[in-house]
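Written below as structure tokens is the structure these notes are about.
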Amino acid sequence: MAPLDAALIEFLGSGVVLGAASRDDRLVPEVVRPAGIRVEPGGEEITLFLASAWAGPMLRNLESNRRLALVATNPQDNRSVQLKGAVVDVRPAREDERPLTDQYRARFARMLEPLGVPRAFVLRTQIWPATAVRFRVEAMFLQTPGPAAGQPFQAPLRTPGAPE
Amino acid sequence: MISLKDISSCFEGVIPAMMSTCSLEGEPNVTEISQVHLVDEKHVALSHQFFNKTQRNVRENPHATILLHAPVTYRLYRLQLRLDHSEAEGPLFDEMSARLQVIASHTGMLGVFKLRSADVYEVLSVEELAHFFLPADPRLDPPQPTTGVLDAMARELRILRAISDRVNRASCLEVLLEQVFQALDEQLGFHHSMVLLPDDRGHLVTTASHGYGSEGVGAEVPLGEGLIGTVAARRRPMRVAGVGAELRYWRTIRAELQHAGKAPAAPEIPLPGLPDAQAQLALPLLVGDRLVGVLALESREAMAFDAWTETFLNILANQIALGIDRASSAEEEPEATLEQPGPGAAPGTARRPRVFQLFRNDDCIFVDGEYLIRNIPAKILWKLLRAHAENGRTEFSNRELRLDDSLGLPELRDNLESRLILLRKRLEEKCPEVRIRPVRRGRFVLDVGCAVQLRESDSA
């Protein structure tokens, strides 16, 4: 698996809508909205920050099996990508990581504001204390709506309709 | 368990939901979905239009979990679902399919994608993620005034009665529509509304509107196209919330299809009124099973129209329909009270002359090279203008128009009054020097405040 390219790393950090999924041993899926994201140096691993207050079922799943899926969507132009992989570490987020969650929340609020979501709502979401979940990316899929949705992702992530 | 009815606003499709599924091999999948449909107290439905990982997963492992936001409050709910069955026909399928095509048609994608099935899920649990938000802060969240349900219903009944009285008292169709628009605006806060009436070619023509300026009267919608055309074809009300997000979604697909060399040929159809509408509601105006028009409302507020609004306005729509029907077959009443005459057009011919051009093959009139009107209203205008030019006549009656076979008015339910309204409004917009002014029920005056030249040719 090639490391994430610079443009995709920037996309993931730009305040896009995030959703992370896991499943339990009976294959019942779970889904949360991560409160922050960091692509680790080398571009092969990603750390997600999950608000501990309401990520309980997700974290229990990740203790029993390590499978995780992450979708990232820009709600303004619908560019979207899904990453799948295996969790390599789960631990309480450190205080020095807190600015990452504040930063994501602020960018997320800016992303949604032109679409009519008042900034105050996003800024009131509970993000701390958080649990840091690091996973190794094993597969990436394009999820922008259209005929290429679901195909293996090939950098760069295009603006819909734009040439390669 | 929280009742699905209690969170019904989550199913309006204003905020996309997040959905996770899992393959039999244990690989989770996550995606955004634009709308979850409420079926009944225990079931929701999702549209299946593309074969994708989500569809494959739920067909081998029926479990799914979704996160749903309530509009306005943004409260977050977690629903655990299990695929129960798929429907490829029937009322639920038809409703979801029509909804899909309504938005698709506005982006020129009508029929490009078909709904394969309505997938019905049993709802196993509903839970509010109470910790999603920090505790309420009175500095950030001022207390909302609460009104009792009975108070609200009593208020709405009073409004309904007031509107109903206005409809009943209206002396003609134009007054009736103006009264309704005014009441919708002042009493209910719906600032953008229009009524479209069917013409002889199966199109719907905007005959009167409110909140759009003078633009738009005369605009046509083919039956079956867009929200209004679909509502007319299905004879069922329909509302769309989160219009902006839906349009963005379909424009993305359109752009991606173009990129892949599979571009649909159809052009985009502009939204009927507001370019930035976030919510639309259209109601068929029915007398029995007969369609006499469509009442359409728009708002920039995504949640302006809910299920209650739809029910409430449906009662009103029935009254308007009867009013239109009554007006369309109204006979001349010579003894009726004189309408308040408007200010007459300036006499004389000092203003610039206007050239009216009739294209006989298309029954279409242009004024100074600009499209004015077509079909029966065009034939009526030509008859009036010629009578005025040839012998100076200014006063006319509905009866003589009804007796003139050359106009092609149907014998029953000729909608003459609505055709005259359309003609009057188009003249106001394109040639205010020539006016049609009702003087009493069944009679009107042609005011010509400029020199008029009439030209005829077979085609353009």
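Every number in this text was worked out from the coordinates using simple rules, so none of it is lab data. As the structure is a prediction and not an experimental result, all values here were calculated from the model. Here the Cβ is made from the backbone with ideal geometry for all residues, glycine too, and neighbour counts use every protein chain on show.
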### Task
Mind checking which lysines have their Cα closer than 24 Å to the Cα of residue B:114? Skip sequence neighbours fewer than 8 apart in that chain.
B:53, B:262
### Query
Once you charge only the Cβ atoms, +1 for Lys and Arg and -1 for Asp and Glu, what is the size of the charge dipole of segment B:354-457 about its Cα centre, to the nearest 20 debye?
320 debye
### Query
What GluC sites (Glu not before Pro) does segment B:346-439 have in DSSP loop regions with at most 13 other beta carbons within 10 Å?
B:411
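Under a Cβ-only charge scheme (Lys and Arg +1, Asp and Glu -1), can you give me the dipole magnitude of segment A:22-113 about the Cα centre, in debye to the nearest 20?
Computed about the Cα centre, the dipole is about 220 debye.
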### Within a Gaussian network of chain A (alpha carbon springs, distance under 10 Å), most fluctuating of A:125, A:47, A:73
A:125
### Query
Which residue, A:116, A:15, A:42, has the most motion in a Gaussian network model of chain A that connects Cα atoms within less than 10 Å?
A:116
### Query
How high is the FRET efficiency from residue B:310 to residue B:94, r the C-beta distance, R0 22 Å, rounded to 0.05?
0.80
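Rounded to the nearest 0.05, what FRET efficiency do residue B:169 and residue A:90 have when you use their Cβ-Cβ distance and R0 = 56 Å? Working shown, then result.
Values: r = 71 Å, r/R0 = 1.27.
For R0 = 56 Å, the calculated efficiency reads 0.20.
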### Query
Out of B:422, B:403, B:172, whose Cα points farthest toward the positive end of the dipole of chain B (charges: +1 Lys, Arg; -1 Asp, Glu; placed on Cβ)?
B:403
#### Entry: Scaled radius of gyration (Cα, divided by 2.2 N^0.38 Å) that chain B gives
1.16
### Query
What ranking do B:447, B:165 get, fewest neighbouring Cβ atoms within 10 angstrom at the top?
B:165, B:447
### For segment A:1-139, with +1 on Lys and Arg beta carbons and -1 on Asp and Glu, the positive-most of A:27, A:75, A:121 along the dipole
A:121
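Sort B:22, B:172 so the one with the fewest other Cβ atoms within 10 Å of its own Cβ comes first.
If I rank by nearby Cβ atoms, fewest first, I get B:172, B:22.
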### Query
Where a ≥ b ≥ c are the square roots of the eigenvalues of the C-alpha gyration tensor, would you call segment B:35-96 rounded, which needs a/c under 1.5, or, failing that, prolate if a/b is larger than b/c, or oblate?
oblate
### Message
Can you compute the modelled spin-label distance between residue B:186 and residue A:76, with each label point 7 Å from Cα toward Cβ, in nm?
### Response
4.3 nm
### Message
Give me B:194, A:140, B:303, A:1 sorted ascending by neighbouring Cβ count inside 10 Å, so fewest comes first.
### Response
A:1, B:303, A:140, B:194
### Task
Mind giving me the FRET efficiency for residue B:370 and residue B:161? R0 is 35 Å, r the Cβ-Cβ distance, nearest 0.05 is fine.
0.20
### Query
Within segment B:373-406, whose backbone N sits under 17 Å from a point 7 Å along Cα→Cβ of residue B:439?
B:384-385, B:387-389, B:391-401
### Query
Where the centroid of each part is defined by its Cα atoms, how far is segment A:97-121 from segment B:155-221 in Å?
41 Å
### Message
Apply the a/c threshold of 1.5 to the C-alpha gyration tensor of segment A:14-164 and tell me whether it is rounded, prolate or oblate.
### Response
oblate
### Task
Kindly provide the helix-only [θ] at 222 nm of the protein assembly as shown, computed as the sum of -39,500 (n - 2.57) over DSSP H runs of four or more divided by all residues, to the nearest 500 deg cm²/dmol?
-9500 deg cm²/dmol
### Summary
Checked segment B:5-132 with the C-alpha gyration tensor, a ≥ b ≥ c its square-rooted eigenvalues, rounded below a/c of 1.5, otherwise prolate if a/b is larger than b/c and oblate if not; verdict oblate
### Query
Average partner chain C-beta neighbours within 10 Å, per residue of A:121-129?
4
### Query
What is the dipole size for the protein assembly as shown, taken about its Cα centre, with +1 at each Lys and Arg Cβ and -1 at each Asp and Glu Cβ, in debye to the nearest 20?
480 debye
